[in-house]
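The values are calculated or read from the model by the stated rules, or taken from the named source; none is laboratory data. As the structure is a computational prediction, the values presented were derived from the model and not from experiment. Here the Cβ is made from the backbone with ideal geometry for all residues, glycine too, and neighbour counts use every protein chain on show. For the accessible areas, the whole protein counts, side chains as well, though only heavy atoms, and no ligand, DNA or RNA atoms are used. Shrake-Rupley method; radii C 1.70, N 1.55, O 1.52, S 1.80 Å.
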Amino acid sequence: LYASMNLQFVVTFLSLSLAFFPIASTYMLSRISSGRAARLFTRTRARSLSMSAYSPDTIVTFSYDVKDTTNDLGDKLLCPTGRCTAVVPKAPFKTGGYFPSVFENLPEVGKTVTVSDLQLASSNPDMIAKIKVAQLEASGLKPEDLKVGQTLFLQSGMKAEVVEKTEDSITIDANPPLSRLNGAAMTLTTESSSALTSPPATTGTLSSWTSGSWSSPKYKSATFAGGCFWGVELAYQRVPGVVGTKVGYTQGRVHSPSYEAVCSGTTGHTEAVQVVYDESLVEYEDLCNLLVERLGDNVYKKNQVGNDCGTQYRSGIYPHDASQRAVAEAVIGAIDGGSGKVMTEIEDAKDFFDGEEYHQQYLMKGGQSAKKEAKETIRCYG
């Protein structure tokens, strides 16, 4: 993933595909050596959640009323009905799947606040680059073909939008689309909260969800692996009743592994997704079936999903208790029929370690819909 490359990496060849309507054209942009352009491939910086009425991993239900009149936000928010339930993220990880500054502003249960200039998505200045017309022309790209508002698909799978065009340069922004709509005003009302009652994880990137329990017993957690964790996470984000998701690494031998270490295949981990769900709205069996549906014939492949090969891409269901194991075995058993051909493993959940911040809700932050019951095709690489 280019997102994890060194800050000093110089982009020698950058493949761009312009999202023209109704046709698309592809260009090669070469010799972009600008440090800022190179930083389009660097990790976004974490933004600390410094003020919140709720501890990390608390599940809150809140309603909101959009007061913004300058942007059409109705079709862009994840909860268009104006009511959300989500897990409060642990800084610096934005694992709630919602607006990054909502949790800083939520009032105590039963109270209402009006918040102006609400941040809908983080914007990192290092993800914005100005490219001179001379550089574009030297690479064979015609500046007149570029228009403000067009989307460029970078070779890494990231998207960038043309946000400014002058006579001698263009400016592209690879931050999440919602970051360009920051400044909304909302009225927020907290309806309820459910605190984590099990001991919170305190070491490294260890997740509290694996053995997590909440004051409301309807909330449960689950762990699944289905190859590249970006697409799997987005699929679960879309499920009504799922109130929190995060990606990370599980079933391995090393504490708090990095993405690079996991990719080396030496730690024993697989890329995985943890979810917190409301079992009064969605059953564990449904979550298992979703994984099987996404895997398709990949359930018969060992250490491989699609074109992604290696032990870090093995698929699996990792039950958190005996009741989940019984369900998982029934789901896989219905496919396998005792043949032993299914390679999707069922193992009791071991320690889960949160992935790096830039991996969290990666596809949602890149512009793909995470709305409940969204039907758009999930594109794992952009």
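Values computed for the structure shown
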read-out	value
Selection from the stretch 89-133 of residues that are more than 24 Å from the chain's Cα centre (by Cα), hydrophobic (A, V, I, L, M, F, W, C) and modelled with pLDDT under 90	115
Identity of the residue in the stretch 189-217, in contact with a strand residue (DSSP E or B) (Cβ under 6 Å, 6 or more places away or on another chain), of a type outside the set (S, T, N, Q) and within 20 Å of residue 325 (Cβ to Cβ), that ends up modelled with the highest pLDDT	209
Count - residues of the stretch 124-163 that are farther than 28 Å from residue 380 by Cα and either outside any helix (DSSP H, G or I) or not acidic (Asp, Glu) (or both)	10
The stretch 332-370: number of residues that are open to solvent by 40 Å² or more (accessible area, probe 1.4 Å), part of a loop (DSSP other than H, G, I, E, B) and either more than 25 Å from residue 210 (Cα to Cα) or modelled with pLDDT under 95 (or both)	6
Tally, over the stretch 130-150, of residues that are touching a helix residue (DSSP H, G or I) at 6+ places or on another chain (Cβ under 9 Å) and open to solvent by less than 40 Å² (accessible area, probe 1.4 Å)	6
Count of the stretch 162-188 residues which are among the hydroxyl-bearing types (Ser, Thr, Tyr) and under 19 Å from the mean Cα position of the chain (by Cα)	1
Residue within the stretch 275-285 that is on the phi > 0 side of the Ramachandran plot and either touching a residue at least 12 places away in the same chain (Cβ under 8 Å) or of a type in the set (Phe, Trp, Tyr) (or both) present	no
Residue selected from the stretch 134-160 under the condition modelled with pLDDT of 80 or more and charged (D, E, K, R), by the criterion nearest to residue 104 (Cα to Cα)	147
Single residue of 376, 293 found to be loosely packed, with under 15 Cβ neighbours inside 10 Å, part of a loop (DSSP other than H, G, I, E, B) and on the phi < 0 side of the Ramachandran plot	376
Contacts under 9 angstrom Cβ, first residue in the stretch 100-122 being within 16 Å of residue 191 (Cβ to Cβ), partner open to solvent by 50 Å² or more (accessible area, probe 1.4 Å) and at pLDDT below 80, 6 or more apart	103/52; 105/51; 105/52; 106/52
Count of residues meeting criterion [crowded, with 19+ Cβ neighbours inside 10 Å and within 13 Å of residue 225 (Cβ to Cβ)] in the stretch 302-331	10
Close pairs from the stretch 130-143: first under 18 Å from residue 163 (Cα atoms), partner open to solvent by 90 Å² or more (accessible area, probe 1.4 Å) and part of a loop (DSSP other than H, G, I, E, B), Cβ under 6 Å, at least 6 apart	133/168
